[in-house]
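*Asks:* Could you have a look at this structure, given as structure tokens, before my questions?
The values are calculated or read from the model by the stated rules, or taken from the named source; none is laboratory data. What you see is a predicted model, and the numbers here were worked out from it, not measured in a lab. Please note: Cβ atoms are built from the backbone with ideal geometry, for glycine as well, and neighbour counts cover all protein chains shown. These accessible areas exclude ligands, DNA and RNA; they are computed on the full protein's heavy atoms, side chains included. Shrake-Rupley method; radii C 1.70, N 1.55, O 1.52, S 1.80 Å.
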Amino acid sequence: MNRTEERQKQNARQLLFADFSLPMDKVNAFFDDIERNPQKVGQYNQLLAKRISKDYEIIKEKGKEELKIMVKERTKEWSEHFGPVTMQEFATMSKQWDIPIGDVIDKKITPELIKELLDCFVIGQEEYKVQLSVAFYTYLMHGRQSGMSLPKSNLLVCGPSGSGKTFGMQVLCKLFHVPFVIIHCNSLVQEGIIGPGLTDGFTSLIVQGWTKDEVERAVVCFDEFDKLFEKKKGGYDAGYYNARVVNEMLNIIDDKGEVDFKEGFGRDDDSIKLPTRRMMFVFTGVFNGLRDKNTDKETLPKVKRQIGFLATEQVLKEDDLSLDKNPTEDDFIKFGVKPEIMGRIQNFVFLNELTEDEMVALLDLGASSPFNEFEQYFSSNDISSILTEEGKRTLAKIASEKKLGVRGLKSLLQRVLMEDMYDLDVGEDKILRVTKQYIMDNLK
């Protein structure tokens with residue numbers, strides 16, 4: 001069984017665990033058939049996904065306590081037959097049935113457990129996952145324990161496009177069933193002017209069906225946060241024109257802040273005012289030039305060059321001295337971020353571009369693999385798609401060299417597979433093999 005078939009087998013195991021209606025003897029029969037016919041595992045995954053989709057409305061009609069009992073029973077019998085349930089299997093059940101992970105998992109929620117959940121979906125970026133886990137756990141504590149003096153959970157994440165700055169937060173919010181909204185700072189206008197305003201994101205949560213109490217515990221991501229402070233071409237200071245937007249943001253993220261917004265997008269909709277002390281605020285951006293602005297090469301320590309085999313380990317490059325692994329509050333203030341805002345952000349983390357090996361691992365990430373969407377597309381048309389090992393390495397190499405990031409990797413796959421997605425003609429055997437040669441031919 002190759003790695004692609006092994007990944008598909010893991011997907012099948014996760015779906016089999018999540019399928020409440022399948023008794024253990026049927027599960028065993030599935031596993032036996034998969035072992036005998038590994039080439040059919042993709043078809044089995046499609047069949048299992050359809051089964052779960054068909055039963056979704058029936059399962060969701062059950063009460064919360066009844067669902068908890070069903071999950072507990074499933075976990076117990078699964079452990080007896082197949083060993084301990086993995087974190088990925090718990091996460092799959094949570095996502096498939098839209099059940100909060102806290103009602104699925106049989107362990108106490110801790111920062112370490114949150115990190116394990118993130119490991120199921122996010123490749124690399126270890127420091128980011130640790131910081132996000134602690135920040136999100138602190139946020140959960142704010143919601144559970146009133147009256148306690150707890151550290152703030154606000155987090156600033158900077159890094160290149162496609163490195164996963166918002167994805168980890170989206171995953172956690174979906175698993176824990178908490179409201180999540182992205183506010184795009186690049187297009188914000190101050191209140192009273194026609195255009196997207198800072199509070200529209202809160203209105204959208206109400207429109208989506210979240211209650212006022214739930215919105216009061218929302219996770220709010222200010223994406224492209226750096227655009228509020230970048231200088232425009234010609235030397236105009238963007239921060240000058242966004243000063244009122246920044247002041248509005250300060251009123252929202254303050255420890256005793258409030259947000260005043262409309263309950264709908266109609267002109268006559270009523271206003272809602274909510275405190276924001278239990279919300280989690282995350283600020284993301286590329287922050288182009290952050291390293292350059294905060295590097296004074298004349299102040300860097302002089303390093304004496306050495307000759308010999310140890311020289312590469314003993315000599316520090318000037319680029320390595322320009323900025324620590326994680327940026328500091330002063331680095332962002334020098335970039336142009338207002339000190340008043342930085343005083344309300346306690347945690348900072350820098351994301352790196354994904355390496356070639358990390359791209360390969362991403363393509364091997366089961367249900368979270370970028371290839372999984374295309375795999376399901378072909379499977380729904382009775383076509384088995386196989387991404388070979390050399391195919392993965394080729395895609396990863398191209399994406400890494402061109403610094404495409406995760407979104408760019410998906411676009412690359414779309415470009416490579418477009419012709420067969422259009423005509424759905426892959427031969428009589430109905431198997432599409434995405435090899436190195438296939439990729440290179442389709443990129444010409």
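*Asks:* Within the range 252-285, which residues are open to solvent by 20 Å² or more (accessible area, probe 1.4 Å), touching a strand residue (DSSP E or B) at 6+ places or on another chain (Cβ under 7 Å) and modelled with pLDDT of 85 or more?
*Replies:* E258, D260, K262, E263, S271, K273, P275
*Asks:* Just one of the numbered conditions (1) buried (at least 20 other Cβ atoms within 10 Å of the Cβ); (2) within 19 Å of the chain's Cα centre (by Cα) is not true of I105; which one?
*Replies:* Evaluating I105 over (1) buried (at least 20 other Cβ atoms within 10 Å of the Cβ); (2) within 19 Å of the chain's Cα centre (by Cα) leaves (2) as the failure.
*Asks:* Sticking with this structure for a sec: Would you say F374 is hydrophobic (A, V, I, L, M, F, W, C) and in contact (Cβ under 8 Å) with a residue 60 or more places away in the chain?
*Replies:* Considered against the rule, which asks whether it is hydrophobic (A, V, I, L, M, F, W, C) and in contact (Cβ under 8 Å) with a residue 60 or more places away in the chain, F374 comes out as no.
*Asks:* Next question, about the same structure. Under 8 Å by Cβ, and 6 or more places apart or on different chains, what pairs join a residue from the range 39-52 that is open to solvent by 40 Å² or more (accessible area, probe 1.4 Å) with one that is of a type in the set (D, E) and part of a helix (DSSP H, G or I)?
*Replies:* Taking only residues 6 or more apart or on different chains, the pairs are Q39/E5; K40/D33.
To keep it simple, each residue is scored yes or no on (1) of a type in the set (G, A, S); (2) assigned to a loop (DSSP other than H, G, I, E, B); (3) closer than 22 Å to L48 by Cβ; (4) touching a Leu at 6+ places or on another chain (Cβ under 6 Å).
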position: R74; (1), (2), (3), (4): no, no, yes, no
position: F90; (1), (2), (3), (4): no, no, yes, no
position: S94; (1), (2), (3), (4): yes, no, yes, yes
position: G102; (1), (2), (3), (4): yes, no, no, no
position: I105; (1), (2), (3), (4): no, yes, yes, no
position: K108; (1), (2), (3), (4): no, yes, no, no
position: L118; (1), (2), (3), (4): no, no, no, no
position: V122; (1), (2), (3), (4): no, yes, no, no
position: V130; (1), (2), (3), (4): no, no, no, no
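*Asks:* I've got another one for you. What are the pairs with Cβ atoms under 6 angstrom where one residue, in the range 253-275, is closer than 15 Å to Q208 by Cα and the other, located anywhere, is surrounded by 12 or more Cβ atoms within 10 Å (Cβ to Cβ) and at pLDDT 90 or above? Sequence gap at least six, or different chains.
*Replies:* Pairs found: F261/F202; F261/T203; F261/I272; K262/T203; E263/I206; E263/I272.
*Asks:* Would you point out which residue out of K165, K152, K174 is out of contact with any strand residue (DSSP E or B) (no Cβ under 6 Å at 6 or more places or on another chain), of a type in the set (K, R) and assigned to a loop (DSSP other than H, G, I, E, B)?
*Replies:* Only one candidate passes the filter, namely K152.
*Asks:* I'm told L188 meets every condition in (1) aliphatic (A, V, I, L, M); (2) within 27 Å of F287 (Cβ to Cβ); (3) at pLDDT 90 or above except one. Can you identify the failing condition by its number?
*Replies:* The one condition L188 does not meet is (3).
*Asks:* Against the definition (of a type outside the set (V, I, T) and either more than 30 Å from I383 (Cβ to Cβ) or modelled with pLDDT under 85 (or both)), how does E65 come out, yes or no?
*Replies:* yes
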